[in-house]
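Every number here is computed from the coordinates shown, using simple stated rules; none is lab data. Given the structure is predicted, the values throughout are model-derived calculations rather than measurements. Cβ placement follows ideal geometry from the backbone for every residue including glycine, while neighbour counts extend to all protein chains displayed.
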Ligand code: SF4
């Protein structure tokens, strides 16, 4: 079992009331702060020079990874530590792969369909992870991650052919439970379920089964057929299961463009909380004028939460405008801020004197009406 912060603390100088207690050499203000961080694996144990052999051994045993990680290029499969995402987080998304036979008459067509396929994700396009090639020739180059079938079957994976839903489901649950709870090394290989779809009619059933296996507990799913609707469904489900409950969904800070803006186009500003960003971006996309959106790095918090946590301050806005070089990139000097931040407009003007800040709307849905009455 992993150690809690309190259990760790008892072994530290702070817990043992020694003279070196709270010395701060680890970079934490107290031994308790270090213990809490260590319990979450947010700091290396050797940052504290006073770790006893006993603590080292107990801690190492606790964090021993119950499931191995298999690596293919930049893909990582397995390496999970928990049964339920809310216990901590899932580590590596279920890999979705397709097997193609290079000798099949429709090989090029299928490969192109897979390579061209993508769905929109919070942090960029999401694509099929891997193509497994049967009868691959040595001089083939692809625009997508590939391995040969021979390489695939030699990986340290527990490969299961999906024949009977109940059997596969029970096996996946048993395997993961034995690996995580009992730390049984016989079950430490990541699991890969291989589907053999024989007809179009089987796609619905396959999609339903694969959805279940993504939730519990396949590390990889391999299909002998690519279908856009099925992959869109499975990838969307996967993106929702494999979010880290400790991290809010966020987009990259930056200058986003809508409808081919020029240097004089209207400029909006908001936080990098994904839901806020997409609500605003959706409105800007649907305006019949070009625009920019400046996104502030606010730790993925919504506008007011970020402001109250001091993650959306006049200084952070000023730094972001400088980092993005807005002064030189755009002629526009008026920046429309979320209506909820009207109370910091004077601070914004003081911190960024090159710009004028205009109070916008509280809700993204009101942007189109706002723009009708707005003069740049
Ligand atoms: Fe405590 Fe950190 Fe000093 Fe270790 S290094 S004794 S954990 S304050």
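Structure notes:
- Principal axis extents of the Cα atoms in the stretch 1-157, from largest to smallest and rounded to whole angstrom, are 75, 33, 28.
- Along each principal axis, Cα extent of the stretch 184-266, largest first, Å: 60, 38, 16
- For the stretch 1-71 and the stretch 289-333, distance of Cα centres in Å: 37
- Relative to the globular-protein estimate of 2.2 N^0.38 Å, the Cα radius of gyration of the stretch 241-320 stands at 1.14.
- For the chain, built as a Gaussian network whose Cα springs stay under 10 Å, the top-fluctuating residue of 274, 218, 33: 33
- Equivalent-ellipsoid semi-axes for the stretch 224-277 (Cα gyration tensor, √(5λ), whole Å, largest first): 32, 19, 7.
- Helix-derived mean residue ellipticity, 222 nm - over the chain, DSSP H n ≥ 4, -39500 (n - 2.57), to 500: -10000 deg cm²/dmol
- Amide N of the stretch 218-246 lying under 18 Å from the label point, which is placed 7 angstrom from the Cα of residue 196 along Cα→Cβ: 221-226
- If you model the stretch 58-141 as an ellipsoid using its alpha carbon gyration tensor, with each semi-axis the square root of five times an eigenvalue, the axes come out at 34, 17, 9 Å, biggest first.
- GNM remark for the chain: springs join alpha carbons under 10 Å apart, and the peak mean-square fluctuation among 209, 319, 24 falls on 24.
- Counting only Cα atoms, the size of the stretch 284-373 along its three principal axes is 33, 30, 23 Å, in decreasing order.
- The stretch 152-223: proportion of alpha-carbon pairs further apart than 17 angstrom, %: 41
- In whole angstrom, the stretch 91-190 maps to an equivalent ellipsoid with semi-axes of 30, 18, 13, each derived as √(5λ) from the alpha carbon gyration tensor and ordered largest first.
- Where N is the number of residues in the stretch 123-282, Cα Rg divided by 2.2 N^0.38 Å: 1.34
- The stretch 1-84, Cα convex hull volume normalised per residue, Å³: 114
- If R0 is 41 Å, the Cβ-Cβ spacing of residue 241 and residue 372 corresponds to a FRET efficiency of close to 0.50.
- Mean projected area of the convex hull spanned by the Cα atoms of the chain, taken over all viewing directions: 25.0 nm².
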